[in-house]
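Take a look at the structure below.
Rule-based calculations on the coordinates, nothing more; no lab input. Nothing here was measured: the structure is a model prediction, and the numbers come from that model. Note that each Cβ is placed from the backbone with ideal geometry, even for glycine, and that neighbours are counted across all protein chains shown.
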Amino acid sequence: MEAHRPRGRGVTIEDVARAAGVSRQTVSNALNAPYRLKAETLERVITLIEELGYRPDQSARSLRSGTRRIIAYPTPEDDPTNPNPLMGGFLEAVVAAAGEAGYHILLVRPHSGQDQTRALEELIAARTVDGFLLSDVLHDDARVTYLAGRGFPFVAFGRTAPAHPQNWVDVDTVQAMIDMVGLLAAAGHRRIAFLASSSRLPWMDHRRDGFQTGMRRHGLHGQEISAPGDDPGEIVAATRKLLGERVRPTAVIAAGDWLALGVYAAARAEGLDIGADLAVAGFNDLPVTAFLQPALTTVRLPLRRIAGALVDRLLKTIEDGVTPQAGLLLPGELVVRPSSGG
């Protein structure tokens, strides 16, 4: 007859270890560092944790380890009436990845008029968080400079400068754009234009670099245009001017899906059939792109893989004191739809 096993609130980590026939440290690893265990051991321990109803004492764990098991995420500014669906999806993926590792995400933002680094400093001084996850990382980002100078754990969605810790994850935007040019070149397009954002953001520069590299590889010379201020009306006007030329491009790659929407409007104003008279492609795979007529060919960001890699890298820094020596590039996914013809 099986010995009585305690269940519920009074269950301790020693009870789980005894029932599973493993050490206390093995149970701890199952909760905090599952990658250290063999698959069969991990499965046995997790099954007993759930069966017995064991719940670790987070406050006691924090006192022992010196961690709060909280990751701060300084959120980018957004318009609540027109939120960025890409960053909403990224946040969902980050919360899920952190939760699986036993951590919580704290959303933070500077007070009105407060310097960004001051907001980070307050959290560090209060011992509120164990590390920071940054996104929308710019050239010479002040947050990166501050955290690197303090030696405080952080990870970045976006590339940091060579002089700073290379604890970052990013999408291989250059290769994604090279692949997009290759897709259109294989379909017979020789006059391919690039519609750029007027902003000089690092990820936009990478997309431009990828376009230029792809065109050179195929022996093509593309035309580049941008609309000042990224105003919808100016995007349409600039694209109509491009499409109205005597020798117009047969394909347009937009640096972002919202720019591709302007190409759609401009093409229809010029009487062009998208997918037949003009191939159009974008970047980001926003939800609306699948519902356009025709649906838009674009590049999808692997948000769950990005979030998982970011959290994994940050926890290695927090828990093991290991900072990666090189950043991690993840491939974008080419999503081919009718807008690119072929």
* Asked: What FRET efficiency do you get for Val322 and Arg216 if R0 is 30 Å and r is their Cβ-Cβ distance, rounded to the nearest 0.05?
  -> 0.20
* **nm² value of the averaged projected area, convex hull over the Cα atoms of the range 53-179** => 10.9
* How long is the gain from Glu14 to Asp277 if the chain were fully straight, where each residue apart is worth 0.36 nm and the alpha carbon distance is subtracted? -> 87.7 nm
* Structure fact -> Subtracting the Cα-Cα distance of Leu138 and Glu92 from 0.36 nm times their residue separation yields 14.3 nm
* Counting only residues 5 or more places away or on other chains, whose amide H sits under 5 Å from the amide H of Ala156 once H atoms are built in the peptide plane? -> Leu134, Trp168, Val169
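Report the relative contact order of the chain, percent, no decimals, based on alpha-carbon pairs under 8 angstrom and at least 6 residues apart. Let's see the in-between values first.
On the way: 562 pairs, mean separation 54.6, N = 342.
Over the chain, the number comes to 16 percent.
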* So what is the relative contact order for the range 73-189, in percent, with contacts set as C-alpha pairs under 8 Å and at least six apart? -> 19
* **the range 111-262 - charge dipole about Cα centre, Lys and Arg +1 at Cβ, Asp and Glu -1, debye rounded to 20** => 700
* Structure fact -> So, relative contact order of the range 157-290 in percent, Cα under 8 Å, 6 or more apart, is 23
* In a GNM of the chain with a 10 Å cut-off on Cα contacts, which of Arg150, Arg18, Arg191 has the highest mean-square fluctuation? -> Arg18
* Output the Cα-based Rg and Dmax of the range 76-116 in Å, rounding Rg to one decimal and Dmax to a whole number. => 12.6, 35
* Structure fact -> Here the Kirkwood hydrodynamic radius of the range 286-342, Cα-based and in Å, equals 13.8
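Please list, by residue number, every one of the GluC sites (Glu not before Pro) in the range 203-258 that is coil in DSSP and has at most 15 other beta-carbon atoms within 10 Å.
For GluC sites (Glu not before Pro) across the range 203-258 that sit outside H, G, I, E and B with at most 15 neighbouring Cβ atoms in 10 Å, the list reads Glu245.
Rounded to a whole number of µm²/s, how large is the Stokes-Einstein D of the range 136-295 at 37 °C and 0.692 mPa s, given Rh as the Kirkwood radius over C-alpha pairs? Intermediate results must be reported in sequence, preceding the final value.
Values: Rh = 16.9 Å.
Reported coefficient: 194 µm²/s.
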* Asked: If one takes the longest principal axis of the Cα atoms in the chain, at what angle in degrees, from 0 to 90 and to the nearest 10, does the Cα axis of helix 202-217 lie?
  -> 50
* Asked: If you build a Gaussian network model of the chain, linking Cα atoms that sit under 10 Å apart, which residue out of Gly244, Gly271, Gly210 swings the most?
  -> Gly271
* Which is farthest toward the positive dipole end of the chain among Gly222, Ala186, Leu201, measuring Cα position about the Cα centre, with Cβ charges +1 (Lys, Arg) and -1 (Asp, Glu)? -> Ala186
* Asked: Using the scaling law 2.2 N^0.38 Å as the reference, what is the normalised Cα Rg of the range 261-301?
  -> 1.12
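Taking 22 Å as R0, compute the FRET efficiency from the Cβ-Cβ separation of Arg304 and Leu329 and round it to 0.05.
Efficiency, rounded to the nearest 0.05: 0.85.
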* Structure fact -> Taking Cα atoms, the helix 173-186 axis meets the longest principal axis of the chain at an angle in degrees (rounded to 10) of 40
* Label point distance in nm, Asn82-Arg268, each placed 7 Å from Cα along Cα→Cβ -> 1.8
* Using only the Cα atoms of the chain, construct the convex hull and provide its projected area averaged over every direction, in square nanometres to one decimal. => 22.0
* Calculated FRET efficiency, Arg55 and Gln25, Cβ-Cβ r, R0 22 Å, to nearest 0.05? -> 0.75
* Asked: Looking at the range 224-280, which trypsin sites (Lys or Arg not before Pro) are in a loop (DSSP not H, G, I, E or B) and have at most 15 other Cβ atoms within 10 Å?
  -> Arg246
* **Most mobile of Gly282, Gly332, Gly113 in a GNM of the chain (Cα contacts under 10 Å)** => Gly113
* Asked: For the pair Ala186 and Glu100, how long in nm is the line joining their label points, each one 7 Å along Cα→Cβ?
  -> 3.0
